[in-house]
1. Would you order 39, 138, 286 from fewest to most other beta-carbon atoms within 10 Å of each residue's own beta-carbon?
2. For region 192-305, what class follows from the C-alpha gyration tensor (a ≥ b ≥ c being the square roots of its eigenvalues): rounded when a/c is under 1.5, otherwise prolate if a/b is larger than b/c, else oblate?
3. Name the long-range amide H neighbours of residue 415: under 5 Å, sequence gap of 5 or more, or other chain; modelled H, no Pro or chain starts.
4. Just subtract the alpha-carbon distance of residue 184 and residue 370 from 0.36 nm times their residue separation and send over the number in nm, one decimal.
5. In whole Hz and in residue order, list the ³J(HN,Hα) couplings for region 182-196 that follow from phi through the Karplus curve 6.51 cos²θ - 1.76 cosθ + 1.60, θ = phi - 60°; x for Gly and Pro.
6. Just want to confirm a number: the relative contact order over the chain, from Cα pairs under 8 angstrom separated by 6+ residues, in percent.
7. Sum up the charges of everything whose Cβ sits under 10 Å from the Cβ of residue 162, counting Lys and Arg as +1 and Asp and Glu as -1, but leave residue 162 out.
8. What are the ³J(HN,Hα) couplings of region 341-354, residue after residue, when phi is run through the Karplus curve with 6.51, -1.76, 1.60 and θ = phi - 60°? Round to Hz, x for glycine and proline.
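Rule-based calculations on the coordinates, nothing more; no lab input. Everything quoted here is computed from the prediction, not taken from an experiment. Here the Cβ is made from the backbone with ideal geometry for all residues, glycine too, and neighbour counts use every protein chain on show.
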Amino acid sequence: MRIGVFGCGYVGLVTGACLAEIGNDVIAVDVSADRVSMLNAGQPPIYEPGLEAMLRNNLSTGRLRFSLSAAECVQHSEVIFIAVGTPTGADGSADLSSVSAVAGVLGEHLRADTLVVVKSTVPVGTTRQVQQIIQQSLDGREVPFEVAFNPEFLKEGAALQDFQRPDRIVIGVDGLPAERTLRALYAPYNRNHEKLIVMDIASAELTKYAANAMLATRISFMNELAAIADQLGADIEQVRIGIGSDPRIGYAFLYAGAGFGGSCFPKDLQALAHSARTAGVETHILQSVQEVNASQKRKIYQYLEQHFAGDLEGKTVAIWGLAFKPETDDIREAPSRVLMEQLWSAGARVQAFDPQAMPAIQACYAPRLASGELRLCEQAYAALEGADALVVVTEWKSFWSPDFQRIQATLRHPVLVDGRNIYDPGLVARAGLVHYAVGRGLQYEQSPPVRRAG
């Protein structure tokens, strides 16, 4: 098929590359000339495992190209995806200005029967608004078109696999013509068993928000349980195994830690809560999920504050992991940023390492780098030199099996804060390190002389 994609951010770029990979002819449009130039040179502006190789492969075959011309894209395409950003507005609502702008442009340039598919995460009713804007922008011309909503369920760090081997493909449509088109488009991903879930447009729009809200709720629930475990001397990791073994619950998203971040969960929770308030519905659970997560991001600092008796002035803290999760360079809403801001407010310095996110941190915190409050290190162990404590914030695989003896010998104070519960407390304690973890109070009692956290 001839496919158009508006927006070359995370979702649009993955969508365009994956659809080109299975033989479609794809043009992707962006408003940034620098981004389009980079992409046509085979250089993705984001880090996602496997994306650069897929991008270069499909550029070389001519199945994928990037353009600044909306007219070229519209005239080329029989299916057009809207995959632009919907950032959080000042009132918590989703900012739909980019979606509306694309809809207006589509109406100006549509000349043939086209299916317009909204893939951006948007509040219920937005796809209808897109339809209305396109119709108005046609300015009286009789050009047939349809609209549909097709949410993405991509995990950063595993986006290509999620797109190419989906567990479900949700489409919201008005009738059979749009359904048939999307069935044909997604047929290569739908051969093993039926994965397509067809519903009305409003239900599909709400499904996307509901999925992210449910996952975020599980994370905040476990973090709240972790706080209870710390105070009662229980081990949240054992609790996780105990409840996750129940098939009604399962193990996914039951990990206590430093809180969730990224571009989806925080933004989508706020947008869903705003939509509910607008509709006159109170959202007690959604509000609590956000409050628990905000509190959890401050928890790691509290461990340091406890250990150093509230005096972090002049201390240097090493941080391993700056991205909000492994296998991405995304630092949006990252727990590391909250921790660093708290440390700087207390008069501490930060020495940090991350396998992918340091360019983003460098761009975000240039003044802190210039002042010496932040130093980015080329290697993980280099961040320990002259540091008073180590905090692991992101669970990159390269951090899972460190040399604890080396950590203990390098740090000024043998303090390790495990913000993702990836280490065995007993093993850490035997290396002579004071170990703080999230909700693992029982382990501290079993492994003296480790100090009790909580």
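1. The most exposed by this proxy come first: 138, 286, 39.
2. It is oblate, given that a/c is not under 1.5 and a/b is not larger than b/c.
3. 390, 434
4. 61.5 nm
5. After applying 6.51 cos²θ - 1.76 cosθ + 1.60, I find 6, 4, 5, 5, 8, 3, x, 9, 10, 8, 5, 7, 5, 10, 6 Hz.
6. Normalised by residue count, the contact order of the chain is 12 percent.
7. That works out to -1.
8. Karplus values, whole Hz, x for Gly and Pro: 4, 5, 5, 5, 5, 8, x, 9, 9, 10, 10, 10, 9, 8.
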